[in-house]
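Here is the structure we will look at, set down as structure tokens.
The values are calculated or read from the model by the stated rules, or taken from the named source; none is laboratory data. Being a predicted model, the structure only gives us computed values, none of them experimental. Here the Cβ is made from the backbone with ideal geometry for all residues, glycine too, and neighbour counts use every protein chain on show.
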Amino acid sequence: MTMPMNDLKPLFGDVAQEPIYIAGPCSAESREQLLEAARGVADAGVAILRAGVWKPRTKPGSFEGIGSRALDWMAEARERYGLKIITEVATPEHLELALGAGVDGVWIGARTTTNPFATQQIADALRGVDTAVIVKNPVIPDVDLWVGAIERIYNSGVRRLGAVHRGFGTQQTTPYRNAPHWSVPIELHRRLPSLTILSDPSHIGGRRDLVAQLSQQALDLGFSGLMIECHPSPDMALSDAAQQITPAALGEMLAGLQLRRAHVGDNAISDYRLHIDTIDNRIIELLAERMDVAREIGEYKLKHNMAVVQHDRYNEMLMAVEMRAEAMGLTKSFIHQIFRTIHEESVRLQIQLKEDDK
Ligand code: PEP
Ligand code: MN
């Protein structure tokens, strides 16, 4: 049983609640870079500045952050531009230093959320502290692990508590750096309806051209806001260069987002349509992913001189999807038609590969 958490408070007090936008560079790199990013973020209408000071990097030897010196630059940005400031903490020492610099909140990164010992240490250090705490999803799509981390922080008395969906590590070919698995944050919301949940399209997409569509998708699904990476010269960034956008692009993108009405049901038909559009987008993404795999299989068949159509495999696949579809209340003929079409397209792709090889 998940605890109810009925007594949560607004994350950032006086910041207008919905949608909550947080933006700023992946990492604070220099005083000039941070202040320029902060000015750009403020100009784009965003009230909360993010920047990583200690960076958890997959590869040793990558840029691991400036460290506590960068907190002074963040405090300066806060004063100059009237922004709230937040940073990532992964240890009690980070937390102490960040609170010492007067941060308005902290986030717990995906790698830390994955480790209950590390999360508990931060939770213990948060006892008696009134700050916003945002828990990013764990690296693996395990909602219990995410809820567990949130409960640890809640149990320490933190009431300005939120979550960030940043996608999940995956070995599959997807267009994303981290697979969204939207059903996981949706389940988190079902279990903790009063928790503020934001989405981080930058770490999900991993590419700046995906940020706008992922942001819209998150708002369509009812997320309470976004955390976006924004850098004055994205290509020069010392971490996550490919996914950061300029402050100008941020302003433009935010202005172009369609906001969900506060009350679902005001205009029920367009809510339904929005939902359908989101599902259709997911279907298209999955089809693209499936065709990628079909292409890889095609290459394998070509290399091993195998026939493109393997009849036994085709019949087995059709029977399996029909059975699964029937169990979910769909008609066999409907699913049969769809999968025949999908299979035809895979075959066409593989034949094309053979042709191109001649
Ligand atoms: C970040 O926000 O820069 C970051 C490191 O995020 P995550 O923990 O989601 O990888
Ligand atoms: Mn980053």
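Output the residues belonging to segment 49-107 that are in a loop (DSSP other than H, G, I, E, B), within 16 Å of ligand 2 (Cβ to nearest atom) and buried (at least 20 other Cβ atoms within 10 Å of the Cβ). Even if it seems obvious, please write down each step before you answer.
To start, the set of residues in segment 49-107 that are in a loop (DSSP other than H, G, I, E, B) comprises 51, 53-68, 82-83, 89-91, 101-104.
Narrowing further to those that are within 16 Å of ligand 2 (Cβ to nearest atom): 51, 53-59, 62-66, 89-90.
Those that are in a loop (DSSP other than H, G, I, E, B), within 16 Å of ligand 2 (Cβ to nearest atom) and buried (at least 20 other Cβ atoms within 10 Å of the Cβ): ALA51, VAL53, TRP54, LYS55, GLY65, ILE66, VAL89, ALA90.
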ask   = Which residue, of ALA237, ALA218, ALA242, ALA212, is in contact (Cβ under 8 Å) with a residue 24 or more places away in the chain, in the same structural domain as VAL41 (by TED's automatic domain parsing) and in contact with a strand residue (DSSP E or B) (Cβ under 6 Å, 6 or more places away or on another chain)?
value = ALA218
message = Take the residues in segment 48-71 that are of a type in the set (Gly, Ala, Ser) and within 10 Å of ligand 1 (Cβ to nearest atom); name whichever of them is nearest to ILE245 (Cα to Cα).
response = ALA51
task = Filter segment 177-204 for residues that are more than 16 Å from ligand 2 (Cβ to nearest atom), in contact (Cβ under 8 Å) with a residue 12 or more places away in the chain and not aliphatic (A, V, I, L, M) and give the result.
result = PRO180, HIS181, TRP182, PRO185, GLU187, HIS189, ARG191, SER194, THR196
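Scanning for something part of a strand (DSSP E or B) and either surrounded by fewer than 18 Cβ atoms within 10 Å (Cβ to Cβ) or at pLDDT 95 or above (or both), does segment 109-126 turn up at least one residue? Steps first, answer last, please.
Just the residues of segment 109-126 that are part of a strand (DSSP E or B), to begin with: none.
Within segment 109-126 (the criterion being part of a strand (DSSP E or B) and either surrounded by fewer than 18 Cβ atoms within 10 Å (Cβ to Cβ) or at pLDDT 95 or above (or both)), the answer is no, since none of the residues qualifies.
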inquiry  = Restricting to segment 163-196, give me the number of residues that are within 14 Å of ligand 1 (Cβ to nearest atom) and in a strand (DSSP E or B).
reply    = 5
task = Could you tell me whether ARG324 is under 27 Å from ALA179 (Cβ atoms), assigned to a helix (DSSP H, G or I) and out of contact with any helix residue (DSSP H, G or I) (no Cβ under 8 Å at 6 or more places or on another chain)?
result = yes
